[in-house]
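*Asks:* First the structure, which I've put down as structure tokens, then a few questions once you've had a look.
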Amino acid sequence: MLELVDRGGETALTFVLLSAGDSPDDSKAGHIRKRMNQLLFADLRYTYGQ
């Protein structure tokens, strides 16, 4: 889930992982963060030549 929150004239974007089971361990959470970063922001980085 993506959540937008007003923070004093700026907007904060927060990613919320909802899980039916237990929270993922640190290794699994890191994998999920890396994959979400790739899926959501890779094209943006490529537009800057990085």
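The values are calculated or read from the model by the stated rules, or taken from the named source; none is laboratory data. Computed from a predicted model, the values in this text were never measured in an experiment. Please note: Cβ atoms are built from the backbone with ideal geometry, for glycine as well, and neighbour counts cover all protein chains shown. These accessible areas exclude ligands, DNA and RNA; they are computed on the full protein's heavy atoms, side chains included. Shrake-Rupley method; radii C 1.70, N 1.55, O 1.52, S 1.80 Å.
*Asks:* Roughly how many debye, to the nearest 20, is the charge dipole of the chain about its Cα centre, given +1 on each Lys and Arg Cβ, -1 on each Asp and Glu Cβ, and no other charges?
*Replies:* With Lys and Arg at +1 and Asp and Glu at -1, about 240 debye.
*Asks:* While we're here: Which order do peptides 36-48, 16-28 fall in by mean Cβ count within 10 Å, highest first?
*Replies:* Per-residue mean Cβ counts within 10 Å order the peptides as 36-48, 16-28.
*Asks:* Taking the chain, how much of its Cα-Cα pair set, in percent, is spaced more than 13 angstrom apart?
*Replies:* When all Cα pairs of the chain are counted, 70 percent exceed 13 Å.
*Asks:* Using the heavy atoms of the protein chains alone and a 1.4 angstrom probe, what is the accessible area of segment 1-43 per residue in square angstrom?
*Replies:* Accessible surface, normalised per residue, equals 90 Å².
*Asks:* So, with a 1.4 angstrom probe, what is the percent of accessible area on the chain that is carbon and sulfur?
*Replies:* So the carbon and sulfur contribution to the accessible surface is 53 percent.
*Asks:* With the dipole of the chain worked out from charges on the C-beta (+1 for Lys and Arg, -1 for Asp and Glu) around the Cα centre, which of 48, 24, 13 lies farthest toward the positive end?
*Replies:* The Cα lying farthest towards the positive end belongs to 48.
*Asks:* Can you tell me the length gained on complete extension of the stretch residue 12 to residue 42, counting 0.36 nm per residue apart and subtracting the Cα distance?
*Replies:* 8.8 nm
*Asks:* Could you run the Karplus curve 6.51 cos²θ - 1.76 cosθ + 1.60 with θ = phi - 60° over segment 37-46 and give me ³J(HN,Hα) per residue in whole Hz, x for Gly and Pro?
*Replies:* 4, 5, 5, 8, 10, 4, 4, 5, 4, 5
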